[in-house]
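Working notes for the structure below.
The values are calculated or read from the model by the stated rules, or taken from the named source; none is laboratory data. Quick caveat, the model's predicted, so the values are computed rather than measured. Cβ placement follows ideal geometry from the backbone for every residue including glycine, while neighbour counts extend to all protein chains displayed.
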Amino acid sequence: MMRYLTGSTARNTAFACALAVPLVFLGAAVPAGAQQPEGPVGTAPPEGTRLPSAPPPTGLSESVAAVVNDDIISTYDLAQRMRLLIATSGIQPTQENLPQFQHEALVSLVDERLQFQELRRVEKEQKIDILADEDEVNEEIDGMAQGNNMSRQQFLGYLTSRGINAETLKQQIRANISWGRWIQGRYGSRLRVGDDQIAATQALMSAQASKPQYNIAEVLIDANRVGGMQQAMAGAQQLVSQMQQGAPFPAVARQFSSLPTAATGGDAGWVSPGEVPAEVAGVLEQMRPGQLSQPIQVKDGVYILYLKEKRAGGTSTLVNLKQAAVPLAQGASADDEAAARTKLVALKPQIKDCATLEATAGKVPGVVAGDLGEAEVSDLAPQFREAAEKLQVGEISDPIRTSAGLHLVAVCARRAAGGGQMDKEQIERRLRGQQLSMIARRYMRDLRNSATIEQK
């Protein structure tokens, strides 16, 4: 007999700002800008790859894959969950990654058995109903189907065509809904977020506001959960390879990540360097938007990141500029320059606002106009920088001489770089979600530690 599975189950008990149930998406697109083209989901595996068996004919016996407190997980259960993972992760099954699917499937099934056992014990002791009923499960399936532009019947038909019994999906959904309901009901009302915690979070956010910020999606392979750091690195490398070949990041995160953000497809939103492990922050500094990272080893596991956007720190100022200009060579005569200046001086009072600048300037022969876009003031050419610093939004400069000509520059918008600070209510929701997530992980850890789990 052996103790088995001592890692986290953040995926099945995922909390962001509130409890959430991971959805299954069959054809989610690769994130915009990903390095490799999207591959089809659910396509046939390479020749020679042996998938787990489809449902056995009636009358054939099944063997035992694991026993959880005398509750049997059959090889049929394991094969079904593997097929569900393959169908919903967008990853092409190969001889190399099938062991990873098998391990993930077994981890999920063991967690669910422990959750159902605990929930039934609570229902019996407290005489309450916790387990999700059929209507709630079907409602969730309807949402999944809509997310894939299908009806419920089409969605379940897709699974059936890949040898997946509808009960396999329903059991996963029932566990997620029921467990989330129990954790929220038992602990949600007891959690208190103090003003000191909110103030400390606000102080940290203010301190980080001057640093670059990153809009990321994340996956964490928990080393404890998969049997060690070497296994975590190998598994993460396989996932990176599959995502480079087209597997959708959100689907991979939902099925393999041990972070609370798995419930939202790995979407972590905007983060500052101080909010992520130092190893992750170092990689983010080198990444470009649209880039997928290689595996990043941290203390407890291995991260995979997708960088969606990057923005400067809050101490920088961004301005949106438009211009009306008369092209003029560097060595133009004094008369030519004077004529161009006279033309722009006469044009300036005719421009009422940024919205009409281009149309107004376009009526004057020899004048070209355009949107210069948004830029940091510090990155502008010296002549434009001085105007951008002095002018108010909506104001237009006097003619400015550059090597390209004479320019009227309008400041159309101005903002501080970085995102806006969360208000007190938003911070409180985030802290409550983090506390619930931690409680749920500890709860599952305790259930595992006290359970008898055999792998056959």
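Summary of values
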item: Residue under evaluation Ser189, criteria (1) at negative phi; (2) touching a residue at least 24 places away in the same chain (Cβ under 8 Å), criterion not met; result: (2)
item: Within segment 140-176, considering residues that are acidic (Asp, Glu) and loosely packed, with under 15 Cβ neighbours inside 10 Å, the one farthest from Leu106 (Cα to Cα); result: Asp142
item: Segment 370-384 - residue that is surrounded by fewer than 13 Cβ atoms within 10 Å (Cβ to Cβ) and within 31 Å of the chain's Cα centre (by Cα) and, of those, nearest to Ser397 (Cα to Cα); result: Gly373
item: Residue match in segment 163-175 (condition: without any contact (Cβ under 8 Å) to a residue 60 or more places away in the chain and closer than 15 Å to Val302 by Cβ); result: no
item: Enumeration of residues in segment 288-322 that are at pLDDT below 85 and touching a Ser or Thr at 6+ places or on another chain (Cβ under 7 Å); result: Gly313, Gly314, Thr315, Ser316
item: Unique match (being among the polar types (S, T, N, Q) and more than 27 Å from the chain's Cα centre (by Cα)) among Asn165, Asn176, Asn138, Asn148; result: Asn165
item: Any hit, segment 124-140, residues being touching a Phe, Trp or Tyr at 6+ places or on another chain (Cβ under 9 Å), assigned by TED's automatic domain parsing to the domain that holds Ile73 and either free of Cβ contacts under 8 Å to residues at least 24 places away in the same chain or not in a strand (DSSP E or B) (or both); result: yes
item: Those residues of segment 423-456 which are of a type in the set (S, T, N, Q) and over 17 Å from Gln184 (Cβ atoms), in sequence order; result: Gln426, Asn449, Ser450, Thr452, Gln455
item: Residue pairs meeting the criteria (Cβ under 7 Å; at least 6 apart or on separate chains; first over 15 Å from Lys308 (Cα atoms), in segment 277-288; second exposed (fewer than 14 other Cβ atoms within 10 Å of the Cβ) and hydroxyl-bearing (Ser, Thr, Tyr)); result: none
item: Ala440 in a helix (DSSP H, G or I) and not assigned by TED's automatic domain parsing to the domain that holds Ser210; result: no
item: The listed residue being part of a loop (DSSP other than H, G, I, E, B) and touching a residue at least 12 places away in the same chain (Cβ under 8 Å), out of Val364, Val409; result: Val364
item: Tally, over segment 181-206, of residues that are within 24 Å of the chain's Cα centre (by Cα) and more than 30 Å from Ile130 (Cα to Cα); result: 5
item: Residues that are over 30 Å from Ile221 (Cβ atoms) and of a type in the set (A, V, I, L, M), drawn from segment 284-338; result: Ala312, Leu318, Val319, Leu321, Ala324, Ala325, Val326, Leu328, Ala329, Ala332, Ala334, Ala338
item: Top-ranked residue in segment 386-410 [being among the aliphatic types (A, V, I, L, M) and surrounded by fewer than 21 Cβ atoms within 10 Å (Cβ to Cβ); ranked as nearest to the chain's Cα centre (by Cα)]; result: Val393
